[in-house]
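For reference, the structure discussed in these notes is given below.
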Amino acid sequence: MFPSEVTLVEVGPRDGLQNEAQPVATADKVELIVRLQQAGCREIEATSFVSPKWVPQMADNAAVMAAIPRQAGVRYSVLVPNMKGLEAALAAPRAQWPQEVVVFGAASEAFSQKNINCSIEESIERFRPVAAAAHAAGLKVRGAISCALGCPYQGEVPLDEVERVVRLMHAIGVDHVGVADTIGTGTPRRVQAVLERALKHYPLAEVSGHFHDTYGQALANIHASLALGVHVFDTSIAGLGGCPYAKGATGNVATEDVVYMLQGMGIATGHDQAALVDAGAYISRVLGRPPASRAARALLGRREQVAA
Ligand code: HMG
Ligand code: MG
């Protein structure tokens with residue numbers, strides 16, 4: 001039985017933009033978030049409080065959080081790799097805080113070192129006080145597990161390794177885990193096997209999928225996840241995205257494509273597809289290239305035909 005409703009966490013403003021080489025103006029990031037809100041996005045990963053030396057594109061994190069016109073019913077999240085990141089996110093007035101913070105670890109030692117400059121064990125020790133302090137501040141804590149379906153440095157990642165990190169995150173009080181296919185190599189049965197390991201430690205509502213679409217498998221992987229009852233997914237407007245420490249990986253699965261599939265399956269997400277396509281077209285214009293979303297390109301093409 002497929003779920004009747006799905007929650008999409010819009011990661012375009014963070015995962016989508018972090019990898020862009022050209023600087024994107026803060027005002028454009030905020031305008032994107034406004035348009036996403038108008039298109040029905042209710043969970044938005046807005047930015048990350050990471051080192052600006054590592055990811056310069058996210059250096060305006062506080063300015064973005066300060067400028068978003070908050071909309072009732074929308075929850076905002078930000079990535080924080082350590083206490084310094086959490087403290088920076090909470091240095092603003094409370095009205096500018098996120099509702100959720102994301103600690104991001106990896107199921108692969110090699111990727112952990114490249115992405116956050118520490119081992120898996122060390123990352124968990126960094127996350128422990130972050131989780132405690134975020135909870136004390138009333139925030140939810142999500143844990144992203146990169147390379148759960150393959151690593152750009154190490155190749156295959158054993159299921160036991162993924163489950164070990166799920167268990168470690170659970171032990172430090174992380175409320176929700178996201179299984180991330182950082183390089184998009186995962187295929188449906190493997191995705192199910194990984195999710196089943198996560199579901200041994202977390203309830204259905206607290207396990208999500210984050211699928212990059214490098215090998216064109218992301219929609220199939222979401223379909224396979226739905227078949228297990230998983231109903232929370234990260235998606236990115238216009239299919240933007242990538243990690244600076246996973247070269248060659250393409251963007252996340254496009255929000256427009258996922259909404260198209262789910263609407264066709266009669267599964268509600270609360271999105272307005274036409275407004276989403278507009279939001280994707282907006283940020284694509286800013287970046288100077290067409291949206292990667294196949295559904296968006298088809299729908300924009302149809303609009304042009306009707307207008308002609
Ligand atoms: P480090 O160099 O080991 O950290 O970096 P450090 O504690 O030794 O500090 C070094 C310098 O960074 C110091 O500054 C700190 O103050 C500063 P200096 O004294 O040299 O001037 N610093 C910070 N500045 C701002 N905010 C902070 C912060 N922390 C330290 N939070 C660190 C360790 C984790 C900070 C670094 O490796 C980093 O920022 N990495 C981020 C990498 C990243 O953002 N990757 C992309 C996001 S993850 C992703 O995309 C995957 C995901 O989508 C899921 C998937 O697809 O797999 C989530
Ligand atoms: Mg990602």
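In sequence order, what are the phi-derived ³J(HN,Hα) couplings for segment 289-299 according to the Karplus relation 6.51 cos²θ - 1.76 cosθ + 1.60 with θ = phi - 60°, rounded to whole Hz, with x for glycine and proline?
Running phi through 6.51 cos²θ - 1.76 cosθ + 1.60 with θ = phi - 60° gives 8, x, x, 6, 5, 5, 5, 5, 5, 5, 5 Hz.
In nanometres, what is the gap between the two model label sites at Arg189 and Glu87, each 7 Å from Cα along Cα-to-Cβ?
5.0 nm
Return the percentage of antiparallel bridges among DSSP beta bridges fully within segment 7-307, rounded to the nearest 5 %.
Here the share of antiparallel DSSP bridges comes out near 5 percent.
May I ask you to derive the relative contact order of the chain, considering only C-alpha pairs under 8 Å and at least 6 residues apart, and to give it as an integer percent?
21 percent
With a Förster radius of 25 Å, plug the Cβ-Cβ distance of Ala21 and Ala274 into 1/(1 + (r/R0)^6) and report the FRET value to the nearest 0.05.
Between Ala21 and Ala274 the formula returns 0.25.
Read phi for every residue in segment 81-89 and hand back ³J(HN,Hα) as whole Hz from Karplus 6.51 cos²θ - 1.76 cosθ + 1.60, θ = phi - 60°, with x for Gly and Pro.
Using θ = phi - 60°, the values come out as x, 6, 4, 4, x, 5, 4, 5, 5 Hz.
Which is farthest toward the positive dipole end of segment 7-307 among Cys243, Gln38, Val191, measuring Cα position about the Cα centre, with Cβ charges +1 (Lys, Arg) and -1 (Asp, Glu)?
Positive-end residue among those listed: Gln38.
So, in the chain, how many Lys pairs have Cα atoms under 22 Å apart, if the pair is 8 or more places apart or on different chains?
8
If you put +1 on each Lys and Arg Cβ and -1 on each Asp and Glu Cβ, how big is the dipole of segment 7-307 around its Cα centre, in Debye rounded to 20?
That gives a dipole near 260 debye.
Please work out how much length the chain gains when fully extended from Arg303 to Arg75, using 0.36 nm per residue of separation minus the C-alpha to C-alpha distance, in nm with one decimal.
Result for the pair: 78.9 nm of gain on full extension.
Quick one: grab the alpha carbon gyration tensor of segment 1-137, order the square roots of its eigenvalues as a ≥ b ≥ c, and give me rounded if a/c is under 1.5, else prolate or oblate depending on whether a/b is larger than b/c.
rounded
At 7 Å along Cα-to-Cβ for each site, give me the label-to-label distance between Lys53 and Arg94 in nm.
With each label point 7 Å from Cα toward Cβ, the separation is 3.5 nm.
Spelling out what I want: for every residue of segment 94-100, take phi, set θ = phi - 60°, compute 6.51 cos²θ - 1.76 cosθ + 1.60 (Karplus), and round to whole Hz; glycine and proline get x.
Working through the residues one at a time gives 3, 4, 9, 6, x, 8, 8 Hz.
Per residue of the chain, what 222 nm ellipticity follows from adding -39500 (n - 2.57) for every DSSP H run with n ≥ 4, rounded to the nearest 500?
Dividing the helical sum by the residues of the chain leaves -12500 deg cm²/dmol.
In vacuo Debye scattering of the chain, one point per C-alpha: log10 I(q)/I(0) at q = 0.14 Å⁻¹?
-1.01
Between Ala136 and Met1, what is the label-point separation in nm under the 7 Å Cα-to-beta-carbon projection?
Going by the 7 Å Cα→Cβ label model, 4.3 nm.
Compute the FRET efficiency between His223 and Arg289 as 1/(1 + (r/R0)^6), taking r as their Cβ-Cβ distance and R0 = 30 Å, and round to the nearest 0.05.
0.60
Taken together, the values in this text are just the output of simple stated rules run on the coordinates, not laboratory data. For clarity, every value in this text was computed on a predicted model and none was experimentally measured. Here the Cβ is made from the backbone with ideal geometry for all residues, glycine too, and neighbour counts use every protein chain on show.
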